[in-house]
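See below for the structure under consideration.
The values are calculated or read from the model by the stated rules, or taken from the named source; none is laboratory data. Keep in mind the model is a prediction, meaning the values are calculated, not measured. Note: ideal-geometry Cβ built from the backbone for every residue, glycine included; neighbour counts use all protein chains shown.
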Amino acid sequence: MTTQAKITFETLVRLVEDLLAERQERLIERIQEHIQQNNLTIEEKLELFRSAQIDIPINQEPSPRREDWYDEYGR
């Protein structure tokens, strides 16, 4: 979505510089999220999703019995 800005780029930079550091960081995060979401293909998004998944073997299946989840004091 493109909008027509009524302020110059230099004015925008000065406005951003006037923000508190916390707000500047949040703005940077939002811009990065926007770029990341809009520039990736479906394959790239799936690859990014899969990179966050861990692939480790499960040592032992969890017990379906509630008693096995807690010690003798029920905690």
Considering only residues that are modelled with pLDDT under 80 and surrounded by 10 or more Cβ atoms within 10 Å (Cβ to Cβ), which ones fall in the range 45-68? K45, L48
Taking the condition under 26 Å from the mean Cα position of the chain (by Cα) and surrounded by 10 or more Cβ atoms within 10 Å (Cβ to Cβ), does E33 pass? yes
D71 being at negative phi and modelled with pLDDT of 85 or more: no
